[in-house]
Amino acid sequence: MLNLPQEIAAACAPLFEAIPFAQAMEPLQGSHPKQTELVEKVIRDPALANRPELIAGLWLYADNLERSHTVCQSIEDATGAYWHGIMHRREGDYANSHYWMNRAASHPLRQSRPDLDPDAFVDQVAAAKGQSDPALVARQREEWKTLFEWCAANR
């Protein structure tokens with residue numbers, strides 16, 4: 001499923017078992033927190049504890065937009081801006097999502113994976129009015145997976 005360093009994979013395993021990838025991030029819009037206590041436990045693992053970019057992603061994985069927002073606000077680089085933009089898209093604040101995606105324009109994934117095109121994705125979700133179209137949900141999962149794997153591999 002995910003290509004992660006062993007220590008990060010092991011730390012995340014309980015959450016990924018509780019919320020399988022195929023069931024994660026189902027709504028395109030809205031916060032529907034799941035497994036809050038488990039996420040709190042997982043992010044205390046030494047492999048994750050000092051990795052806010054991974055923690056922000058795990059809160060998004062568990063559909064807790066508020067907690068993800070709190071974390072990504074403290075990440076003052078293009079990675080934080082990317083997570084921030086995803087969070088605002090999922091919140092339904094499309095203008096703010098575009099703002100943060102613009103701040104993430106220098107992110108290496110935006111350079112190496114232009115097919116991700118997060119600005120176009122914001123527009124597609126907005127056009128769907130937040131309805132959970134299966135193709136858009138699959139794209140949301142792929143976007144999350146790509147950014148999470150990148151964060152895990154790059155410090």
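Restricting attention to segment 9-41, the residues that are closer than 20 Å to PRO52 by Cα and among the acidic types (Asp, Glu) add up to 2.
Looking only at segment 102-155, which residues are basic (Lys, Arg), closer than 18 Å to GLU91 by Cβ and part of a helix (DSSP H, G or I)?
Looking only at segment 102-155, we keep the residues that are basic (Lys, Arg), and these are 103, 110, 113, 129, 139, 141, 145, 155.
This time we only want the ones that are closer than 18 Å to GLU91 by Cβ, so: 103, 129, 139, 141.
ARG103, ARG139, ARG141, listed by residue number.
Take ARG110 and tell me if it is under 12 Å from LEU28 (Cα atoms) and out of contact with any Gly (no Cβ under 9 Å at 6 or more places or on another chain). So ARG110 does not fit the description; no.
Of the set (1) modelled with pLDDT of 95 or more; (2) of a type outside the set (Lys, Arg); (3) surrounded by fewer than 21 Cβ atoms within 10 Å (Cβ to Cβ); (4) closer than 23 Å to LEU136 by Cα, all apply to ALA62 but (3).
Looking only at segment 39-58, how many residues end up being surrounded by 18 or more Cβ atoms within 10 Å (Cβ to Cβ) and either assigned to a helix (DSSP H, G or I) or among the aromatic types (Phe, Trp, Tyr) (or both)?
Here is the first cut: in segment 39-58, the residues surrounded by 18 or more Cβ atoms within 10 Å (Cβ to Cβ) are 39, 42-43, 47-48, 51-58.
Of the ones still in play, those that are also either assigned to a helix (DSSP H, G or I) or among the aromatic types (Phe, Trp, Tyr) (or both) are 39, 42, 52-58.
Residues in segment 39-58 being surrounded by 18 or more Cβ atoms within 10 Å (Cβ to Cβ) and either assigned to a helix (DSSP H, G or I) or among the aromatic types (Phe, Trp, Tyr) (or both): 9 in total.
Applying the criterion of being part of a loop (DSSP other than H, G, I, E, B) and of a type in the set (A, V, I, L, M) to the residues of segment 22-38, the residue that is nearest to the chain's Cα centre (by Cα) is MET25.
Collect the residues in segment 74-98 that are among the hydroxyl-bearing types (Ser, Thr, Tyr), farther than 24 Å from SER132 by Cβ and not in a loop (DSSP other than H, G, I, E, B), keeping them in residue-number order. Steps first, answer last, please.
Of all residues in segment 74-98, those among the hydroxyl-bearing types (Ser, Thr, Tyr) come to 74, 79, 82, 94, 97.
Pick out the ones that are also farther than 24 Å from SER132 by Cβ and you get 74, 79.
Selection gives THR79 alone.
Yes/no matrix, rows are residues, columns are (1) modelled with pLDDT under 95; (2) of a type outside the set (A, V, I, L, M, F, W, C):
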| position | (1), (2) |
| --- | --- |
| THR70 | no, yes |
| TRP83 | no, no |
| SER97 | no, yes |
| PRO114 | yes, yes |
| PHE121 | no, no |
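Considering GLN6, GLN73, GLN23, GLN29, which residue is closer than 23 Å to MET101 by Cβ and free of Cβ contacts under 8 Å to residues at least 12 places away in the same chain?
On the way: GLN6 fails: closer than 23 Å to MET101 by Cβ; GLN23 fails: closer than 23 Å to MET101 by Cβ; GLN29 fails: free of Cβ contacts under 8 Å to residues at least 12 places away in the same chain.
None of the others qualify; the one that does is GLN73.
Which residue, of ILE19, ILE55, ILE43, ILE86, is of a type in the set (Val, Ile, Thr), over 12 Å from the mean Cα position of the chain (by Cα) and closer than 19 Å to TRP150 by Cα? Please lay out each step first, then the result.
Numbers: ILE19 fails: closer than 19 Å to TRP150 by Cα; ILE55 fails: over 12 Å from the mean Cα position of the chain (by Cα); ILE86 fails: over 12 Å from the mean Cα position of the chain (by Cα).
Answer to the selection: ILE43.
In segment 90-115, the residue that is surrounded by the fewest Cβ atoms within 10 Å (Cβ to Cβ) out of those that are in contact with a helix residue (DSSP H, G or I) (Cβ under 6 Å, 6 or more places away or on another chain) and aliphatic (A, V, I, L, M) is LEU109.
The values are calculated or read from the model by the stated rules, or taken from the named source; none is laboratory data. No experiment lies behind these values; they were computed from the predicted model shown. Here the Cβ is made from the backbone with ideal geometry for all residues, glycine too, and neighbour counts use every protein chain on show.
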